[in-house]
Amino acid sequence: MFKIAEIDFLKNPSVKNTIDSKYLIDPQYVDFFDKDGYELTQIEQEYYRAQGYTITTYTAGHPGFFQPWISVDHEHLTVDHSCAMYRCDFTEAARDQIEMYKSTNYRLGWLLTCNQKYGLDVDIDYCDSNFALEVLHLEWDAPNLDLILEHKAQAEQLILNTDWVDAAHQIWAKRDEWQYLKGWYAQSHWKATYFGLERPWY
């Protein structure tokens with residue numbers, strides 16, 4: 001039912017190669033900089049490609065450095081999205097190039113704030129003729145790959161050893177305990193705790 005893709009994690013997510021200077025001159029290529037997540041601006045995409053990384057799209061077409069993780073084939077269960085994610089730092093020639101142009105395009109300073117980090121994301125949903133709900137949504141975010149690998153193993157064990165149709169009905173039956181909690185985080189936290197996880201993300 002559930003399939004888990006092998007992920008050969010990049011050990012050193014870093015950008016070192018330079019790009020065409022036209023991307024550094026125009027501030028619009030830094031538009032929509034994602035300070036906390038993994039969506040990449042146009043200039044970041046160019047740098048990642050110059051390093052040989054493949055840019056793909058995530059939920060709602062957001063571009064980034066993602067690798068597919070978990071999928072499911074079931075009438076009532078769906079994996080809305082699931083992937084491993086990377087954010088690179090900028091070093092060596094790439095960093096020197098950004099520093100050179102930063103004096104005239106101040107927004108390039110955002111790139112210099114980027115640190116290496118890893119993420120995991122999985123969202124399992126259930127829908128039938130009676131009800132629809134997000135059963136479990138987990139996100140992990142860390143600068144330490146060992147920590148991500150630990151949570152990956154924990155999540156995969158949970159996913160492969162859980163009857164998710166039954167789990168969906170359990171969560172639905174307990175909806176009075178979570179559906180009035182304020183905000184997506186609080187509800188996701190409740191569900192993660194229900195399945196024995198301390199918290200859904202960092």
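Just so you know, all these numbers are worked out from the coordinates, no wet-lab data involved. Remember, predicted model here, so these are calculated numbers, not experimental data. Counting neighbours? That spans all protein chains shown, and the Cβs are built from the backbone with ideal geometry, glycine included.
Summary table
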read-out	value
Distant alpha-carbon pairs in region 2-162 (separation over 26 angstrom), percent	35
Ranked 114, 88, criterion: other C-beta atoms within 10 Å, fewest first	114, 88
Residue list for region 97-140, given a label point 7 angstrom along the Cα-to-Cβ vector of residue 36 and an amide N cut-off under 19 Å	110-111, 113-123, 137-140
In nm, spacing of pseudo-spin labels at residue 50 and residue 173 (7 Å Cα→C-beta vector)	5.8
Amide proton proximity set for residue 135, modelled H, under 5 Å, gap of 5+	124, 125, 126
Listed residue (171, 153, 185) projecting farthest to the positive dipole end of the chain, Cβ model	185
Positive-end residue, the chain charge dipole about Cα centroid, Cβ charges, pick of 17, 7, 86	17
From phi via Karplus (6.51, -1.76, 1.60), per-residue ³J(HN,Hα) for region 5-17 in Hz, x at Gly/Pro	7, 6, 10, 8, 4, 5, 7, 9, x, 9, 10, 10, 8
The chain: calculated mean residue ellipticity at 222 nm from DSSP helix runs of at least 4, using -39500 (n - 2.57)	-9500 deg cm²/dmol
Gap separating the Cα centres of region 49-113 and region 125-202, nearest whole Å	25
Förster-model FRET efficiency, 22 Å R0, residue 59 and residue 185, C-beta, rounded to 0.05	0.80
Chain lengthening between residue 8 and residue 99 when straightened (0.36 nm per residue, less Cα-Cα)	29.6 nm
Greater than 28 Å apart at Cα, pairs in 3/182; 117/174; 11/191; 35/152	3/182; 117/174; 11/191
Estimated translational D of region 87-170 in µm²/s (Stokes, Kirkwood radius over Cα pairs; 25 °C; 0.890 mPa s)	151
